[in-house]
Amino acid sequence: MKPVFVSFFTLLVLVFTVAAKEPSKGLTCDQEKTLVAPCVDFLTKKTDTPATPCCEGLKKIIESSPTKKEKKAACKCLKEAASQVPNLDKDRANNLCKTCKITVDFLFSKNFECEK
């Protein structure tokens, strides 16, 4: 089940547009993984829509990472986690914020780099 958490984190990493090993504001990497765990079924095409806890967790991670340094940390955490999730649908991951109706101020792509 841990690899599934990792895949969703990759999506979140893209959302944050930065990465580092430090935890985001008040959240550790493990806490971030737990918050996005409910997204795994949607991101691996086991369900057609993300669960409410998935979208709520994603929103909490975004709100808990207001600074560039925190965004980098969250990005790296989620990206590393996502790399271990088999059958991750990258299109669903890239559109998760939109699907959850969460507005972000930037765009991201499959080739997103957390350090920028």
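The table below lists the values:
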read-out: Residues that are polar (S, T, N, Q) and either farther than 22 Å from Asn87 by Cβ or in contact (Cβ under 8 Å) with a residue 40 or more places away in the chain (or both), drawn from the range 44-62; value: Thr44, Thr49, Thr52
read-out: Residue in the range 72-84 that is surrounded by 24 or more Cβ atoms within 10 Å (Cβ to Cβ), more than 11 Å from the chain's Cα centre (by Cα) and either at pLDDT 90 or above or assigned to a helix (DSSP H, G or I) (or both) present; value: yes
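The values are calculated or read from the model by the stated rules, or taken from the named source; none is laboratory data. As the structure is a prediction and not an experimental result, all values here were calculated from the model. Neighbour counts run over all protein chains shown; Cβ positions are idealised from the backbone, glycine included.
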